[in-house]
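Each value in this text was obtained by applying a stated rule to the coordinates, not by laboratory testing. Owing to the predicted nature of the structure, the values given are computational and were not obtained by experimental measurement. Glycine also receives a Cβ, built like all others from the backbone with ideal geometry; neighbour counts cover every protein chain displayed.
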Amino acid sequence: MRNIVKWGLMGALLVLPFAVGVQAGDHAYVGAKKCKMCHKVQYNSWMNTKHAKATEVAKAGTKDRKFEASCLKCHATNSDEAMAGVQCEMCHGPGADYKKMSVMKDLEKAKANGLQVASQETCNGCHTGEGHSKKVVFKDQIKNKEAIHEFKNADLAKSMSGM
Ligand code: HEC
Ligand code: HEC
Ligand code: HEC
Ligand code: HEC
């Protein structure tokens with residue numbers, strides 16, 4: 001009995017890194033317009049975040065920082081200049097396989113098809129703390145409309161920021 005529990009635990013530990021690390025590569029990106037259809041509140045609010053303008057800002061550059069393709073890793077979606085801005089899918093995972101209503105309405109199914117729940121780790125991917133990219137504290141940004149869109153479920157912001 002003991003051993004079964006032990007091995008069960010080890011199994012869970014072994015599987016975890018893969019579950020957490022499921023990578024974008026498995027699923028294709030579709031672009032924010034496809035999400036807008038069903039998530040207008042979030043889309044319209046996202047348009048007013050700094051993330052929506054991240055590509056323009058990088059292309060304008062600064063005196064000592066000229067635009068080049070490598071900027072797009074953090075200043076666009078899927079490093080693709082044609083997918084301008086840090087769009088939905090950079091925080092929620094590439095949507096080709098979860099955007100269908102039959103999948104979307106079932107959270108577990110959506111996750112199995114690439115939906116990611118945004119967390120501190122999501123932000124760390126770009127807000128690395130290196131160079132001009134400052135670190136951000138996820139919990140503190142939940143209600144910052146320049147960072148994250150408004151939620152349709154108004155109580156979510158409260159619960160996520162722990163207030
Ligand atoms: C055909 C309609 C439809 C499309 C298109 C769609 N969604 Fe959804 N989505 C839903 C429904 C329905 C739910 C579950 C109920 C709700 O939150 O409204 C949902 C839930 C979600 C959730 C909340 C999951 C949770 O934690 O409970 C996220 C995040 C999300 N969608 C992101 C996206 C993104 C990003 C896209 C574009 C790639 C997208 N959706 C496209 C219908 C859609
Ligand atoms: C590792 C991710 C990352 C890369 C790569 C990156 N940026 Fe940024 N950039 C950020 C983040 C995050 C911010 C938000 C600023 C902050 O943290 O306060 C930002 C902000 C900016 C800003 C506006 C604020 C400022 O500092 O003036 C400009 C302009 C900018 N980046 C240009 C560029 C250019 C040009 C490149 C390519 C040479 C580039 N970035 C590459 C992550 C990155
Ligand atoms: C900078 C990261 C970020 C971007 C970009 C982003 N979201 Fe979100 N979104 C979040 C976070 C954080 C939550 C709360 C945790 C979660 O459900 O993942 C959330 C929650 C949601 C929810 C469910 C909660 C609710 O009540 O609204 C939907 C639906 C959603 N986002 C859709 C979108 C769509 C559509 C876009 C693009 C137009 C988008 N998001 C862009 C971070 C982001
Ligand atoms: C794909 C890369 C990427 C991801 C993922 C990302 N960001 Fe950003 N974020 C940026 C870039 C690039 C900017 C700068 C945009 C600009 O200045 O126009 C930025 C800007 C911001 C700003 C405004 C900073 C300022 O100086 O005004 C905040 C706050 C922020 N992000 C928070 C978050 C949070 C919280 C998350 C995680 C939920 C997140 N970001 C995820 C790339 C990213």
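S133 to D106: FRET efficiency via 1/(1 + (r/R0)^6), r the Cβ-Cβ distance, R0 35 Å, to the nearest 0.05? Mind dumping the intermediate values first?
Working: r = 36 Å, r/R0 = 1.02.
So the FRET efficiency works out to roughly 0.45.
Packing around the peptides 136-147, 28-39, 77-88, 62-73, taken as the average count of other Cβ atoms within 10 Å per residue, puts them in this order, highest first: 77-88, 28-39, 136-147, 62-73. Listed values for segment 117-127 are Karplus-derived 3J(HN,Hα) couplings in whole Hz (6.51 cos²θ - 1.76 cosθ + 1.60, θ = phi - 60°), namely 8, 5, 8, 3, 4, 4, 5, 4, x, 10, 8, and x replaces Gly and Pro.
Please go through the residue pairs K33/K100; K33/K135; K40/K158; K50/K100 and name each one whose alpha carbons sit more than 23 Å apart in this structure. As for pairs spanning more than 23 Å Cα to Cα, those are K33/K135; K50/K100. Separation of segment 126-163 from segment 36-58 is 14 Å, based on Cα centroids. Backbone N atoms of segment 147-162 closer than 19 Å to the 7 Å Cα→Cβ label point of N48 belong to residues 147-158. When the square roots of the Cα gyration tensor eigenvalues are ordered a ≥ b ≥ c, the ratio a/c for segment 75-138 is 1.5 or more and a/b does not exceed b/c, which makes its shape oblate. From the square roots a ≥ b ≥ c of the eigenvalues of the alpha-carbon gyration tensor of segment 36-99, which class results: rounded (a/c under 1.5), prolate (a/b over b/c), or oblate? It is oblate, given that a/c is not under 1.5 and a/b is not larger than b/c. The overall shape of segment 24-160, judged from the alpha-carbon gyration tensor, is prolate: a/c is not under 1.5, and a/b is greater than b/c.
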